[in-house]
Amino acid sequence: MYNPTGQKKIVEAAAAIGVPAIAAEHTMVIRGLEDYQYLLQSFAIPNNTPEENILYYLPGGIEQATQQIAKVHQQHPISFRETTAGSIIDLLEYLTDERNVTSRREFTFDLYRGTPELHTRKWTGHNAFLFGIEATEFDYEDRTTLVKPTGQISYNFYKSNKGSM
């Protein structure tokens, strides 16, 4: 165990890198659809780390590994909070309205740690589209659950930027 002096050094080192980030302090804004910025329930913060390594062998069968290229394409679950005005239904209909052989509506979004006006970091997703949004089931005996459409999002992410704070 650490004595009080050792604990003080750890606390001071942790304080030097800032306060812990809280997931609820993130805001997603779909460009051109700014009204949807506060309706995101869950989303994974993107990064560009490789998904796997590449194995190779040296003489004598010695196994080594090297990194793959940075991961640009992102795909993960997404969950929204619906409103009685049907804002998520409107979003889904907007995104699928013009889907045909020659046109597939994609969008760009910004994810802020904080708000668009005051944030410490910003992630931008390009060529994004939603898929696999599951039909919402209602349970009339459960009066404590919000309507949360869930599905998948696919997009390209290149890097984050420092914010305005």
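The values are calculated or read from the model by the stated rules, or taken from the named source; none is laboratory data. No experiment lies behind these values; they were computed from the predicted model shown. Positions of Cβ are backbone-derived with ideal geometry, glycine not excepted, and every protein chain shown enters the neighbour counts. Accessible surface areas use protein heavy atoms only, side chains included; no ligands, DNA or RNA. Shrake-Rupley method; radii C 1.70, N 1.55, O 1.52, S 1.80 Å.
Taking the listed residues Gly6, Gly32, the one that is over 24 Å from Phe157 (Cα atoms) and open to solvent by less than 70 Å² (accessible area, probe 1.4 Å) is Gly6, with no other qualifying.
When Thr84 is tested against the conditions (1) surrounded by 10 or more Cβ atoms within 10 Å (Cβ to Cβ); (2) over 21 Å from the mean Cα position of the chain (by Cα), the lone failure is (1). Residues in region 136-165 that are of a type in the set (Phe, Trp, Tyr) and surrounded by 10 or more Cβ atoms within 10 Å (Cβ to Cβ): Tyr155, Phe157, Tyr158. Among the residues making up region 9-29, those that are within 28 Å of Asn156 (Cβ to Cβ) and either open to solvent by 70 Å² or more (accessible area, probe 1.4 Å) or in a helix (DSSP H, G or I) (or both) are Ile22, Ala23, Ala24, Glu25. Among the residues of region 102-134, those identified as under 20 Å from Phe80 (Cβ atoms), open to solvent by 50 Å² or more (accessible area, probe 1.4 Å) and in contact with a Lys or Arg (Cβ under 8 Å, 6 or more places away or on another chain) are Arg105, Arg113, Phe129. Check whether at least one residue in region 58-69 is part of a helix (DSSP H, G or I), out of contact with any strand residue (DSSP E or B) (no Cβ under 9 Å at 6 or more places or on another chain), open to solvent by 90 Å² or more (accessible area, probe 1.4 Å) and not basic (Lys, Arg), and report yes or no. Taking every residue of region 58-69 in turn, at least one turns out to be part of a helix (DSSP H, G or I), out of contact with any strand residue (DSSP E or B) (no Cβ under 9 Å at 6 or more places or on another chain), open to solvent by 90 Å² or more (accessible area, probe 1.4 Å) and not basic (Lys, Arg).
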